[in-house]
1. Hey, for B:GLN112 with labels 7 Å out along Cα-Cβ, what do the inter-copy distances come to in nm, ordered shortest first?
2. Pick out which of D:GLN249, D:GLN270, D:GLN222 has the largest mean-square fluctuation in a Gaussian network model of chain D, springs linking Cα atoms closer than 10 Å.
3. Spelling out what I want: for every residue of the range B:216-221, take phi, set θ = phi - 60°, compute 6.51 cos²θ - 1.76 cosθ + 1.60 (Karplus), and round to whole Hz; glycine and proline get x.
4. Quick one: go through the range C:11-26 and flag any residue whose amide nitrogen is under 20 Å from the point 7 Å out along the Cα-to-Cβ line of D:GLN123.
5. Over the range A:116-202, how many percent of alpha carbon pairs lie in each 5 Å bin up to the one with the longest distance?
6. Check which residues have an amide H placed less than 5 Å from C:ALA203's amide H, if you skip close sequence neighbours.
7. When chain C is modelled as a GNM with alpha-carbon springs shorter than 10 Å, which of C:ASP58, C:ASP242, C:ASP145 fluctuates the most?
8. Per residue of B:243-252, count partner chain C-beta atoms within 10 Å of its C-beta, then hand back the mean as an integer.
Number of protein chains: 4
Amino acid sequence: MWSGVFPAVTTKFTEDDRLDHAEMERCFGLQIDAGCDGIIVAGSLGEGPMLSHDEKIDVLKTAQKVAGKKPVLLTVNEPGTREAAAIAKRAAKEGASGLMVVPSPIYHTNPQETVAALTAVAQAGDLPVMIYSNRLAYRVDVTCDDMEKLAADTRFVAIKESSDDIRRSTEIINRFGDRFDLFTGVDNLAFEALSVGAIGWVAGLVVAFPRETVAIYQLMKQGRREEALAIYRWFRPLLDLDVSTYLVQNIKLAEVHAIGTNDRVRMPRQPLSGERRATVEKIVKDALAVRPTLPSF
Amino acid sequence: MWSGVFPAVTTKFTEDDRLDHAEMERCFGLQIDAGCDGIIVAGSLGEGPMLSHDEKIDVLKTAQKVAGKKPVLLTVNEPGTREAAAIAKRAAKEGASGLMVVPSPIYHTNPQETVAALTAVAQAGDLPVMIYSNRLAYRVDVTCDDMEKLAADTRFVAIKESSDDIRRSTEIINRFGDRFDLFTGVDNLAFEALSVGAIGWVAGLVVAFPRETVAIYQLMKQGRREEALAIYRWFRPLLDLDVSTYLVQNIKLAEVHAIGTNDRVRMPRQPLSGERRATVEKIVKDALAVRPTLPSF
Amino acid sequence: MWSGVFPAVTTKFTEDDRLDHAEMERCFGLQIDAGCDGIIVAGSLGEGPMLSHDEKIDVLKTAQKVAGKKPVLLTVNEPGTREAAAIAKRAAKEGASGLMVVPSPIYHTNPQETVAALTAVAQAGDLPVMIYSNRLAYRVDVTCDDMEKLAADTRFVAIKESSDDIRRSTEIINRFGDRFDLFTGVDNLAFEALSVGAIGWVAGLVVAFPRETVAIYQLMKQGRREEALAIYRWFRPLLDLDVSTYLVQNIKLAEVHAIGTNDRVRMPRQPLSGERRATVEKIVKDALAVRPTLPSF
Amino acid sequence: MWSGVFPAVTTKFTEDDRLDHAEMERCFGLQIDAGCDGIIVAGSLGEGPMLSHDEKIDVLKTAQKVAGKKPVLLTVNEPGTREAAAIAKRAAKEGASGLMVVPSPIYHTNPQETVAALTAVAQAGDLPVMIYSNRLAYRVDVTCDDMEKLAADTRFVAIKESSDDIRRSTEIINRFGDRFDLFTGVDNLAFEALSVGAIGWVAGLVVAFPRETVAIYQLMKQGRREEALAIYRWFRPLLDLDVSTYLVQNIKLAEVHAIGTNDRVRMPRQPLSGERRATVEKIVKDALAVRPTLPSF
């Protein structure tokens, strides 16, 4: 159902901490122009847990305006299943193409609870669902055994594989074939995941470097692996910024230099400062200084 | 300012998942009757992240009705600082005695952000604050260096020490003397914490066993350590239920057998089932079968 | 200097716990016949820490007899650097082609100590060295910064990359180009490592399945990736047996069924028993039942 | 059988890396003079894994000469059970009072293997054994279930409890009463362990501060808890040096300043240098500057 590069876009704020829809329209547009295949709003990178339900819906609408016929997914990331189901319902009503669902971001559900929570949200929204499995960020792992149970419900169409272990991709393919659209959710494991058979990439650094991300994906798809690998090697110090407690601030700072936007975040997050800011800026500038010319594809 | 046993009470739900104020009144009353020194609502054990702001305030009011002149604290446990400040303000308006504040339950703040988030909430509520440091549950550790910075603000009066490392208690005392009221927040480290100088206990199993919890505290205070230790040894298999991903379900199941209530929880949590339920029930029943006669104190 | 498949062979024991040289000759011969490119003795898989120095040298000689002109490396895995240097010297005297060196298997050296220990062993043996970096097994990580320091000594020619994180391979290539021969040391990350540029594989399951292991390597080298991937997917449940506390027992049990040998180990290890033995046997038999026909290469 | 303070003494080396028996005699003598109740040689702190069997026996003899009628234990810490049994036998022949036995310092035994390895060593030595359970250093935990199996063999008389979790002490007492002599093996959990019922302390900083260590123990035994706690609070920054990858170097550096010896270690260890050395020296000097006057006991 889904494949290709899906940016998990950042949310843009005004100086007085309200949503900056004009800037989001511009930034989301860069993604679509570069050839991305869909947009995911209000994820971890989109500071979903710091947005109200009304704000989430507003960001969804802005993305829909930009995306045209490409799918726009809203992330469901609420601590309580009651609230998760409520936002899923609203997203459906607003015409979201699908949902990316975190089972439980504070409490660590056991397998039975994980399956029940995901199912409750899928039923409430009645939309295609991408299962977001990220045991490092949320300490809830949607395992292959859980997927087995979820596979009976056709609403679960895709998996964002963020276990941080590349082995999991082959395990999913060995177990389920193409039952689920397999997306990698970890930027600096993306080349490896595409090598073993993933068909999608929920990407982070793409928001600052959309053309390079799309190039890697498309070149891999065409079997031009060495060209893809060369870009990936250049890209790696940047992609590493996605695997960090500070991924939001890191990536927004990359955006500052790459696409000329701001790096405002919502509290408790604060923009990077001091040594950490300097380190990330150096990584971004060093990469920009030797930015590769992309081949046609 | 504060000392003694402060139960972090469970929230009671009706069969149709609304707040059961009558049952909370009864259960909170057992705590006060047994000699507890305050009540904390909407904490981890109170399923705070699954309650709306309106519900939190309603639980606060019920506790206030029962507690008389004893302090009632509301837990601030919101993912966004904006929402955390908002509920702090409402709690103050409703006459809460203080706040127990988690710095950041989803995002893992760095020290500077931790201090900023706690400070923002304290300023919004302008109430005495118990700092809730629990690096295992929330992966944010309020360290001694952070406390140093917070010490300048007199609103920070107490620490709920839940680092899961008993060494931390002595570190806090060595560094700050009695600047902060030191509460242990880990049931099965409580005797040890009181031995090295903690003056309070934010307790969990107390909701099912209030008299035993108060007895340990009071006997320690009177220097009757061997009597306290004997009760503590009996109590340990029960207290261990507090240190678990399933602490809410564990402790509500203990309540079922000890004080005749129900163990309803909010999704994504589910009541214990199968082997885990049987194991916990055996622990509770085994303890009840040899429940010690408490000395007068 | 080195490339291809290097089995880390198991050590064979008689019923009365002495070295079984006849059986080792037979088993090592299967590796060479299948087209492996070298042999490594007395590694983790070879129960090196349970062999005396005399025994290590005897195993080395047996491997040399079988390997012909292909390189034979001895693993240096002694807790003390004094003993590590001593066995390195003996190996050199016996004509070993090189050493695979663990910095420190009990004490967790800091970077300065890691570099000093590796250097002391390299100087004592004066042989080409493969650096064995395995932070999971030994809790000493030979990082890229450490490699930078070691690169000045031309004796350090290769790296056995066992960090358990596939990202490290690209980091090494990005930093050092082809200064070091990059071997993956983790069976179930091998396809991914070869995909991003590793040129060698220190293999485990190869001892039971030498032809399949060599096939994957050679097909990858010839750019026949899809054929290699198909074998790898079949192989994965077996390769997973290499990443386990019980890798020695797991792999020896695979050898029992695949090449008709025994699974004797030295204490404190014991052969697998009970449920774990049954699980591993099922994995091996299931794989044997659908063993793929290998393409010519 | 055993109780009180048992120093795990450091091993002293000459400038050319041989054993310095004269210096060991002097240093061990300070321990006995201060009132320690036994001596343990060749432990983690004694760099046991860097000593040959002959050297271990020589250190044992030196300790015996100093200890008089007090017990001297030799630590068995060999990677292979065959070698562990061999040194146990030699220790018995030389009149060791007992053995402190690590189940397996490199391979991580499962429970069945743990019990088998400990039993093999106990049978070989036929001496009283202190079980050394240290899951952090060796990743083998001797659990209460394992102790249950070992309890049938009367040679297992004591436990060195180094799980790093103070809860374990109460679990052992709740399960086994006084079947085993319970020693804490973690300096900065010692006061807490004695508070809940441990009767012995395998101590580290004692080698530099024997009188303070003995004072805490004796005061606790006499019920003079507040006096003991005051010394413990002063002692804590020093005791923290025991819980570190660098405990040997830390404690030897404390010895430099407190008892005027050297801090030579065997490779791969190196003496502390740079910032780490400065930090530890500051801790030691700060503590010496406010060294408390000890009460009579």
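1. Label-point separations across copies, in nm and ascending: 3.0, 4.7, 5.5.
2. Highest fluctuation of the listed residues: D:GLN222.
3. Per residue, the Karplus-derived 3J(HN,Hα) values read 4, 4, 5, 5, 4, 4 Hz.
4. The answer is C:14-18, whose backbone nitrogens lie closer than 20 Å to the label point.
5. 3, 15, 29, 25, 18, 8, 2, 0
6. C:PHE6, C:ALA8
7. Answer for the Gaussian network model of chain C: C:ASP145.
8. Mean shielding by partner chains, rounded to a whole number: 1.
The numbers here are math on the coordinates, done by the rules we state, and not lab data. These numbers come from a predicted model, not from an experiment. Backbone-built Cβ (ideal geometry, glycine too); neighbour counts: all protein chains shown.
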